[in-house]
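Undergrad: Before I ask anything, here is the structure I am working with.
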Amino acid sequence: MVSFKRTLFFLCLPALLWAGTTGKIAGVVKDAGNKEPLPGVNLILEGTSMGAVTSLDGDYFIINVPPGRYNLRAAMMGYTPVIQREVLVQTDHTTTIDFNLSSTVLDIGNEITVVAERPMVQKDVTSGRAIVTTEEIKEMPVESFTDVLKTKAGITEGANGALHIRGGRASEIGYMIDGVAVSNPMWGGLSVSVENTAIQELQVVSGTFNAEYGQAMSGLVNIVTKDGGEKYSGNAEFYLGDKVSSHKSTFLNIEKINPASLMNADLSLSGPIPGISKKLTFFASGRWFDSQGWLYGRREHSPNDVVYVDSTAVLSLVNSPYNTEPFTDANANGRWDSDESFTDTNGDGIWNTGRLNFVEPYYDDNRNGAYDEGEAFTDYNLNGRRDNGFSGDNSLAAMNPYRKLSLQTKLTYRFNSNMILRYGLLYSNVKNQTYDHTFKYNPDGRPTHYGRAFSHTLDWTHSLSAATFYTLKVNANANIDKEYLYEDWQDARYLPNILTQIPGREFYGGGQDKSYSRSRYLTYVGRFDLTNQWNRTHQFKLGAELRQHDLSSLAYTVDIRDTYDWVPTIHTPETSTGHNRYDHRKPFEFSGYLQDKIELKDMIVNLGLRYDYFHSNWKVAADNRDKMLISASRTSLDDLRLVDVEAKQQWSPRLGIAYPITDRGTIYFSYGHFFQIPPFAYLYANPEFEVISGRFNSILGNANLNPQSTVTYEIGLKQQVAEDVGVEAICFYKDVNDLLGSELFELYSRGDYYGRYANQDYGNVQGITFSLEKRRGRGLLSAAMDYTYQISESNASSPTAAFEDAQSDPPRESQRFVVPVDWDQRHTLNLSVTLSKPRDWCLSLLGHVGSGLPYTPDLQGMRTDYENSERKPMQYSFDINAHKDFYIGHIRTSLLLKIYNLFDRMNEDYVYSDTGRATYSLIPTYTADHGGEFARHYLSDYLSRPTYYSPPREVRVGVALGF
């Protein structure tokens, strides 16, 4: 710890820094006649307080400029002022704007206006990246920023919808919003929602990123949200929609169109706060999204039905408190009366009717194989009628509904031209259910997920001079997730476990998923940054970040069975491997770096060094073979000897070089070391260190995990080939080590085995990308094409692969050589074409074509070849976005149309491993089909999996109002 404190002091001594959310404008001002540099020229960004004065060499720079479009004015006595309009500024980049001023008579008030041309080749780019502006996002047929990311080179989508940048695992992507890290610390991904309407600029770095960015190995997504303007503006969009598909044999209820099954409202407003001049501005947006989804079930059963339970268990249930309490029918009226005695099974002092619906035996007098009115039967629940185990009403039930409310607010107070204070709030609230195929005919037995997330950021920016500014930011963000059927584990609606007993390859005929989970993840961040433009050549950044996490988690399953007298029970964490709980785990992170951006006439160099420190502040078992790891062998966790883990530290050098080869092209090279602590869920899994006796029944977390590491090499070429056409080609290679995997142990007790997460896995990625961009220019057409060829290989795609191999019967030998990972898509092509006339209409088409993802062939559970040796079918999809605008004064009205999966393509995300197709399996060749028997479903119904396919075609229509 002493060495860490010394390092911390060394790094913090100069200053500290935050991730970039601003860009720079620079250039030279010359006399239009003699081409000599002009000193003392005033340059002003109109509508802001930012500007500069040219030096003796005629050059200037303006730093700390938020991304967006500006008008830049150059003026000097004796010269005609010139205004460059639509100057685009991008995060972490330099926009070069040169001026040529013509001399004139002093009292002439004319000025020259020029529309700035955005260069096709950004010459200070030293690695692969893509930047998308708010205007571009608006025209695309996308619902979220992740849909935008999918269109970029080097980014692929796995079968489960997770994004992968250049072949890395999904958790290897870092996410930032307004310079604040917002990655979910437990599982990776984005921790809080941000809607497209709130995004000013979206940047994705798929190559080597600068030293100021860390805790990511594959790529970085940096989102800058909108600030409020000095003028009021607003927008409101409303959509209705539904799935429109002909694939009714796969998707239940798909033929019925209900426009209200999807509703979306998106509102935004910005401007000055009334009564406080124009110093305080705001931007606020909100979105309400409510979808019934496209996966439906049918209520043949209710959770109360007892269908597939064996006869012994049925008799036990008949005598349980969950059935009708027996009574003496003294007056023989077939019902209980208040003066009649009864057996108080549950001891509550009142007579209770049964909640279970049995398949009650009957006497088939006429031998027709069906119950007829009047035939005798055994009335298990004493309700006076014969029940058949089918208490559902056969209504349709949405099985993947999704509802979300997201809000964003940003307040900006400009004290003066040098000091700005910002407050930002992001909030999201989600309620949804996940499709479970086994609950297709008992849909009300599934739990519901409830998620809330928020992020508060306070940002103080102070410009000390035209060349230096610092920023202080503090942030708190949180995720609170719950999933349950009923929140109270003692809820009387919970039913016995035995109701979920089913034959093989059959749907549940009753019962419930009684699992409960609750998690709360808090992260507090403090940062101070300093940026100095030392001269025209060197821009220095140096800084640090502190993150303190506070993690809590609870997971259990309600246990109701005769062993516990039918009393709902949740076992204590000390006595049950099915009950895991930890409170206030507090891992700590620190990082610091030094970065120099060197902008020479013929070369740009990004040179940096980063330091990372991490401490999990938890323990591991002192001896991984200690028999006290078996939960049944100890009375408490104190019986197991634990030791504290040590902190992890590493240094990461970064280098990027760009060399302009012509005035229209540049070549660049980058190299870097990247480290990332595995997702925290793997550090604190199984917090009670409980191993179940036997062969590989348990896997433990490991708070002593080392950082995962990647070394990346990249070379790229960018070239402008026409006035509004540019191309880019990139070659890259990644060497990945210390990936999260699992290691295996046998206890001293012999015969007891378990797994533990460890830095066991490794891999490599190599590939090329090619991008072509056609900007709109003076016509109607803009287009982009991104192609990726890559080979992503590893010894394992999942951290639990080695553990699962050991679990199999017979055990499989784990991979000793690299094979394609689950998301290894060799060929990916994205195409975007837009025809538009600003302030009138727009039609945009987005297409995606990808080769098949790998799968592992097997037959009846036995592999027939090595892992991921075969390929699924190729995939493609096309989406459309169209709008027509009408103006009445400054009020814009738009008619909107969006179509996703235009050609209703059934892309096979998952396949049966014995055929490589989602459409059929060999299972019927060796499995009996009990369809047609009482309460049984046909095997073809069970094997028809709607989740194996991508969503069917979706059509949305709407209207928008703006000013």
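Undergrad: Would you point out which residue out of GLY889, GLY916 is outside the structural domain of PRO503 (by the TED database) and over 27 Å from the mean Cα position of the chain (by Cα)?
TA: Working: GLY889 fails: outside the structural domain of PRO503 (by the TED database).
Only one candidate qualifies: GLY916.
Undergrad: In this structure, does THR471 turn out to be touching a Phe, Trp or Tyr at 6+ places or on another chain (Cβ under 9 Å), modelled with pLDDT under 90 and open to solvent by less than 20 Å² (accessible area, probe 1.4 Å)? Even if it seems obvious, please write down each step before you answer.
TA: Details: touching a Phe, Trp or Tyr at 6+ places or on another chain (Cβ under 9 Å): yes; modelled with pLDDT under 90: yes; open to solvent by less than 20 Å² (accessible area, probe 1.4 Å): yes.
Yes, satisfied.
Undergrad: Still on this model: Identify the residue in segment 211-235 that is among the polar types (S, T, N, Q) and over 23 Å from the mean Cα position of the chain (by Cα) and, among all such residues, is surrounded by the most Cβ atoms within 10 Å (Cβ to Cβ). Give the steps one after another, and end with the answer.
TA: Looking only at segment 211-235, we keep the residues that are among the polar types (S, T, N, Q), and these are 215, 218, 222, 225, 233, 235.
Those left that are additionally over 23 Å from the mean Cα position of the chain (by Cα): 233, 235.
On the way: SER233: 15, ASN235: 18.
Across segment 211-235, the extreme among qualifying residues is ASN235.
Undergrad: Shifting gears a bit: Return a yes/no flag: does segment 631-641 have any residue that is in the same structural domain as SER742 (by the TED database), over 30 Å from TYR754 (Cβ atoms) and open to solvent by 60 Å² or more (accessible area, probe 1.4 Å).
TA: Taking segment 631-641 first, the residues in the same structural domain as SER742 (by the TED database) are 631-641.
Checking the rest, the ones that are also over 30 Å from TYR754 (Cβ atoms) come to none.
So far as segment 631-641 goes, no, none of its residues is in the same structural domain as SER742 (by the TED database), over 30 Å from TYR754 (Cβ atoms) and open to solvent by 60 Å² or more (accessible area, probe 1.4 Å).
Undergrad: Would you confirm, using the coordinates I've provided, whether PHE415 is surrounded by fewer than 17 Cβ atoms within 10 Å (Cβ to Cβ), in contact with an Asp or Glu (Cβ under 8 Å, 6 or more places away or on another chain) and not hydroxyl-bearing (Ser, Thr, Tyr)?
TA: Working: surrounded by fewer than 17 Cβ atoms within 10 Å (Cβ to Cβ): yes; in contact with an Asp or Glu (Cβ under 8 Å, 6 or more places away or on another chain): no; not hydroxyl-bearing (Ser, Thr, Tyr): yes.
So PHE415 does not fit the description; no.
Undergrad: Turning to a different aspect of this structure: Kindly check whether there is at least one residue in segment 717-731 that is assigned to a strand (DSSP E or B) and within 30 Å of ASP644 (Cα to Cα).
TA: First, the residues of segment 717-731 that are assigned to a strand (DSSP E or B): 717-722, 725-731.
When the remaining residues are screened for being within 30 Å of ASP644 (Cα to Cα), the result is none.
Among the residues of segment 717-731, not one is assigned to a strand (DSSP E or B) and within 30 Å of ASP644 (Cα to Cα), which makes the answer no.
Every residue, every condition in (1) under 30 Å from ASN617 (Cβ atoms); (2) modelled with pLDDT of 95 or more; (3) not aliphatic (A, V, I, L, M), yes or no:
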{"residue": "HIS449", "(1), (2), (3)": "yes, yes, yes"}
{"residue": "HIS462", "(1), (2), (3)": "no, no, yes"}
{"residue": "GLU483", "(1), (2), (3)": "yes, yes, yes"}
{"residue": "TYR486", "(1), (2), (3)": "no, yes, yes"}
{"residue": "ARG527", "(1), (2), (3)": "yes, no, yes"}
{"residue": "THR537", "(1), (2), (3)": "no, no, yes"}
{"residue": "ALA544", "(1), (2), (3)": "yes, no, no"}
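Undergrad: Give me the pairs: first residue in segment 136-163 and closer than 24 Å to ARG826 by Cα, second residue of a type in the set (Lys, Arg), beta-carbon distance under 6 Å, and six or more apart or on different chains, which are they?
TA: The qualifying pairs are GLY154/ARG166; GLU157/LYS150.
Undergrad: Let me ask something else. Residues to consider are ASN702, ASN706, ASN697, ASN686; find the one that is at pLDDT below 95, under 25 Å from the mean Cα position of the chain (by Cα) and polar (S, T, N, Q).
TA: Exactly one of ASN702, ASN706, ASN697, ASN686 is at pLDDT below 95, under 25 Å from the mean Cα position of the chain (by Cα) and polar (S, T, N, Q), namely ASN686.
So that you can scan it fast, the table gives a plain yes or no per residue for (1) over 30 Å from GLN595 (Cα atoms); (2) open to solvent by 20 Å² or more (accessible area, probe 1.4 Å); (3) in contact with a Gly (Cβ under 7 Å, 6 or more places away or on another chain):
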{"position": "ASP481", "(1), (2), (3)": "yes, yes, yes"}
{"position": "TYR484", "(1), (2), (3)": "yes, yes, no"}
{"position": "GLU487", "(1), (2), (3)": "yes, yes, no"}
{"position": "TYR508", "(1), (2), (3)": "yes, yes, yes"}
{"position": "GLN533", "(1), (2), (3)": "no, no, no"}
{"position": "ARG536", "(1), (2), (3)": "no, yes, no"}
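Undergrad: Filtering segment 518-530 down to residues that are in contact with a Phe, Trp or Tyr (Cβ under 6 Å, 6 or more places away or on another chain) and not basic (Lys, Arg), which residue is most open to solvent (accessible area, probe 1.4 Å)? Let's see the steps before the verdict.
TA: Residues of segment 518-530 that are in contact with a Phe, Trp or Tyr (Cβ under 6 Å, 6 or more places away or on another chain), as a first pass: 527, 529-530.
Filter again for not basic (Lys, Arg), leaving 529-530.
Working: ASP529: 8, LEU530: 45 Å².
Checked segment 518-530; the qualifying residue most open to solvent (accessible area, probe 1.4 Å) is LEU530.
Undergrad: Another question, if that's okay. Would you say TYR413 is hydroxyl-bearing (Ser, Thr, Tyr) and in a loop (DSSP other than H, G, I, E, B)?
TA: Details: hydroxyl-bearing (Ser, Thr, Tyr): yes; in a loop (DSSP other than H, G, I, E, B): no.
No, not satisfied.
Undergrad: Another one. Is it the case that some residue within segment 240-250 is touching a helix residue (DSSP H, G or I) at 6+ places or on another chain (Cβ under 7 Å), surrounded by 16 or more Cβ atoms within 10 Å (Cβ to Cβ) and within 30 Å of GLU46 (Cα to Cα)? I'd like the intermediate steps shown before the answer.
TA: Filtering segment 240-250 for residues touching a helix residue (DSSP H, G or I) at 6+ places or on another chain (Cβ under 7 Å) gives 240-242, 250.
Adding the requirement that they be surrounded by 16 or more Cβ atoms within 10 Å (Cβ to Cβ) leaves 240-242, 250.
Now drop any that are not within 30 Å of GLU46 (Cα to Cα), which leaves none.
Checked against the condition, which is being touching a helix residue (DSSP H, G or I) at 6+ places or on another chain (Cβ under 7 Å), surrounded by 16 or more Cβ atoms within 10 Å (Cβ to Cβ) and within 30 Å of GLU46 (Cα to Cα), segment 240-250 yields no hits at all.
Undergrad: Another one. Filter segment 805-826 down to the residues that are closer than 30 Å to ASN881 by Cβ and touching a strand residue (DSSP E or B) at 6+ places or on another chain (Cβ under 6 Å), then identify the one that is most open to solvent (accessible area, probe 1.4 Å). Before you say what the answer is, go through the steps one by one.
TA: First, the residues of segment 805-826 that are closer than 30 Å to ASN881 by Cβ: 823, 825-826.
Subset that is touching a strand residue (DSSP E or B) at 6+ places or on another chain (Cβ under 6 Å): 823, 825.
Values: TRP823: 24, GLN825: 6 Å².
Looking at the filtered set, the residue picked out is TRP823.
Undergrad: Check ILE350 against each of (1) touching a residue at least 40 places away in the same chain (Cβ under 8 Å); (2) open to solvent by 60 Å² or more (accessible area, probe 1.4 Å); (3) within 25 Å of SER320 (Cα to Cα) and name the one condition it does not meet.
TA: Unmet condition: (1).
Undergrad: Filtering segment 836-888 down to residues that are in a loop (DSSP other than H, G, I, E, B) and of a type in the set (Gly, Ala, Ser), which residue is modelled with the lowest pLDDT?
TA: Step one: of segment 836-888, the residues in a loop (DSSP other than H, G, I, E, B) are 838-840, 851-853, 856-857, 860-861, 864-869, 872-874.
Narrowing the set further to residues that are of a type in the set (Gly, Ala, Ser) leaves 851-852, 861, 869.
Details: SER851: 97, GLY852: 96, GLY861: 86, SER869: 95.
This residue is GLY861.
Undergrad: Please go through (1) without any contact (Cβ under 8 Å) to a residue 12 or more places away in the chain; (2) within 24 Å of the chain's Cα centre (by Cα) for HIS549 and return the number of the only condition it doesn't satisfy.
TA: (1)
Undergrad: Here's another thing I want to ask about it. Could you check ASN253 against (1) farther than 27 Å from GLU46 by Cβ; (2) under 28 Å from the mean Cα position of the chain (by Cα); (3) open to solvent by less than 50 Å² (accessible area, probe 1.4 Å) and say which number it fails?
TA: Against the list (1) farther than 27 Å from GLU46 by Cβ; (2) under 28 Å from the mean Cα position of the chain (by Cα); (3) open to solvent by less than 50 Å² (accessible area, probe 1.4 Å), ASN253 comes up short only on (2).
Undergrad: Where the second residue is basic (Lys, Arg) and open to solvent by 30 Å² or more (accessible area, probe 1.4 Å) and the first is farther than 19 Å from ASP290 by Cβ and in a loop (DSSP other than H, G, I, E, B) and lies in segment 423-451, which pairs have Cβ atoms under 6 Å and are six or more apart or on separate chains?
TA: From residues that are farther than 19 Å from ASP290 by Cβ and in a loop (DSSP other than H, G, I, E, B), the pairs are TYR441/ARG298.
Undergrad: Scan ALA313, ALA376 and give me the residue that is at pLDDT 80 or above, open to solvent by less than 70 Å² (accessible area, probe 1.4 Å) and farther than 22 Å from HIS301 by Cα.
TA: On the way: ALA313 fails: farther than 22 Å from HIS301 by Cα.
Every option except ALA376 fails the conditions.
Undergrad: Something else about it: Could you tell me how many of the residues in segment 950-963 are within 30 Å of ILE888 (Cα to Cα) and surrounded by 18 or more Cβ atoms within 10 Å (Cβ to Cβ)?
TA: Keep residues of segment 950-963 that are within 30 Å of ILE888 (Cα to Cα), which gives 955-963.
Subsequent filtering for residues that are surrounded by 18 or more Cβ atoms within 10 Å (Cβ to Cβ) retains 955-956, 958.
So the count comes out to 3.
Undergrad: Follow-up question, since we're still on this one. Restricted to segment 905-949, and to residues that are in a loop (DSSP other than H, G, I, E, B) and among the aliphatic types (A, V, I, L, M), which residue is surrounded by the fewest Cβ atoms within 10 Å (Cβ to Cβ)? Give the steps one after another, and end with the answer.
TA: Applying the first criterion (in a loop (DSSP other than H, G, I, E, B)) to segment 905-949 yields 905-907, 909-911, 913-916, 918-922, 926-938, 944-945.
With among the aliphatic types (A, V, I, L, M) added as a condition, the list becomes 906, 911, 918, 922, 928, 935.
Numbers: MET906: 20, VAL911: 24, ALA918: 23, LEU922: 13, ALA928: 10, ALA935: 19.
Of everything passing the filter in segment 905-949, ALA928 is surrounded by the fewest Cβ atoms within 10 Å (Cβ to Cβ).
Undergrad: Okay, moving on. Can you pull out every residue in segment 452-503 that is small (Gly, Ala, Ser), more than 30 Å from PHE61 (Cα to Cα) and in contact (Cβ under 8 Å) with a residue 60 or more places away in the chain? Spell out how you get there, then give the answer.
TA: We begin by selecting, within segment 452-503, every residue small (Gly, Ala, Ser); these are 453, 455, 463, 465-467, 476, 478, 492.
Filter once more, keeping what is more than 30 Å from PHE61 (Cα to Cα): 453, 455, 476, 478, 492.
Answer for segment 452-503, where residues must be small (Gly, Ala, Ser), more than 30 Å from PHE61 (Cα to Cα) and in contact (Cβ under 8 Å) with a residue 60 or more places away in the chain: ALA453, SER455.
Undergrad: Name the single residue that is farthest from TYR494 (Cα to Cα) among those in segment 316-340 being open to solvent by 20 Å² or more (accessible area, probe 1.4 Å) and among the polar types (S, T, N, Q). Don't jump to the end; show me each part of the working.
TA: Residues of segment 316-340 that are open to solvent by 20 Å² or more (accessible area, probe 1.4 Å), as a first pass: 316, 318-319, 321, 326-339.
Next, only the ones that are among the polar types (S, T, N, Q) stay: 316, 319, 328, 331, 333, 338.
Numbers: SER316: 17, ASN319: 17, THR328: 28, ASN331: 34, ASN333: 31, SER338: 27 Å.
Per the criteria, the residue is ASN331.
Undergrad: Still on this structure: Taking the criterion of being exposed (fewer than 15 other Cβ atoms within 10 Å of the Cβ), hydrophobic (A, V, I, L, M, F, W, C) and touching a Phe, Trp or Tyr at 6+ places or on another chain (Cβ under 6 Å), would at least one residue in segment 421-443 satisfy it?
TA: Scanning segment 421-443 turns up no residue that is exposed (fewer than 15 other Cβ atoms within 10 Å of the Cβ), hydrophobic (A, V, I, L, M, F, W, C) and touching a Phe, Trp or Tyr at 6+ places or on another chain (Cβ under 6 Å).
Undergrad: Given the options ALA802, ALA796, name the one that is touching a Gly at 6+ places or on another chain (Cβ under 9 Å), among the small types (Gly, Ala, Ser) and either in a loop (DSSP other than H, G, I, E, B) or surrounded by fewer than 18 Cβ atoms within 10 Å (Cβ to Cβ) (or both).
TA: ALA796
Undergrad: For segment 609-640, give me the residue count where each residue is without any contact (Cβ under 8 Å) to a residue 60 or more places away in the chain and among the aromatic types (Phe, Trp, Tyr).
TA: 0
The values are calculated or read from the model by the stated rules, or taken from the named source; none is laboratory data. Being a predicted model, the structure only gives us computed values, none of them experimental. Cβ atoms come from the backbone with ideal geometry, glycine included; neighbour counts cover every protein chain shown. Note: accessible area is taken over every heavy atom of the protein model, side chains too, but ligands, DNA and RNA are not part of it. Shrake-Rupley method; radii C 1.70, N 1.55, O 1.52, S 1.80 Å.
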